[in-house]
Structure formats: C-alpha cells, structure tokens
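What follows is a short report on a single structure.
The values are calculated or read from the model by the stated rules, or taken from the named source; none is laboratory data. The structure displayed is predicted, hence computed values, not measured ones. Using ideal geometry, Cβ is built from the backbone for each residue, glycine included, and neighbour counts are taken over all protein chains shown.
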Amino acid sequence: MPSPSRDGTTYTSYFVPGYMISRQVMFGNVHYFLGPQASVRPFTYQQREGYLINNPGGPLTKVSPLSLTLNDEHFPACADSGHAQSQIEDLQYLSQQYEQQEAARMARASGAMNSADFYVNKPIPVQQRHREGAAQLR
C-alpha cells in the first residue's frame, strides 16, 4: 500500500517470503536491486517468515539487472535457462553461495580439512547440558 513520506515521495511496502534467502544477503543486496532509498526488515506475514520492503519505486522485478550484467559463470542457472532470472532467484542463488562459504569457513575454523566434513544446515553441537532427573522421565 503506497504511503507518502515527508518529502512527498510515495513508498510502497510489500512482503517477500524468506524461503531460501539469507538475511545477510537480503540486507546486503536490497539497495543494489532497488536503490539507496529502499529499506528492508524481518517480517512475519500470515505466519510466514520473510522481509518487509519499503521502496519508493516498484517491487522486485521479474527481469534482474544482476543477471543481465554479469556473465554466465557467475549465474549458471541463467545460462542454463536461456533467460534472465528474477531478482528473487538471484537473491536465492547469492544466499546459497553465502551459506556454503560460511559453512566452509566454520569447518576450517573447527579444523575440518575435508569438504565432506561440513554441510549447509547440518546441526552443530554448541553445548550439551544434562538435566537432573532426566533418566527418571523414561
């Protein structure tokens, strides 16, 4: 729903589901896709986690400037499909790359040398606590 700001610019607010979109990637790239006046914040809409975007222009479009300006080695899905990806697909791709890089970084920090030693979305034990009386609950 458009709402005017103090300077007379009309802003549009809309929800983008967060499925397969990393928070770091969304926050780091929203200005590239939508311009410097765009803002994004975590948001829940109809019990779905995602992002609320406020933008003086239109919403994320179906044709991505990122897909059109970078060569096919950066976005292989674009080359495979033969057409430009949507900006949301670009954000999902960037999120996948980010998560893989972070998983590799964490594996290196923990001393894992083999790429098979880390997985994206693999549970990582942080701290194990023992509850008193837990054996009695069985």
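Points worth noting:
One line per residue, one yes/no per condition, for (1) in a loop (DSSP other than H, G, I, E, B); (2) surrounded by 14 or more Cβ atoms within 10 Å (Cβ to Cβ); (3) modelled with pLDDT of 65 or more:
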| site | (1), (2), (3) |
| --- | --- |
| R108 | no, no, yes |
| G111 | yes, no, yes |
| Y119 | yes, no, no |
| V126 | yes, no, yes |
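- Any pair with Cβ under 8 angstrom, 6 or more apart, that starts in the range 75-102 at a residue that is more than 20 Å from G35 (Cα to Cα) and ends at one that is among the aromatic types (F, W, Y) and modelled with pLDDT of 85 or more: F75/Y93; A77/Y93
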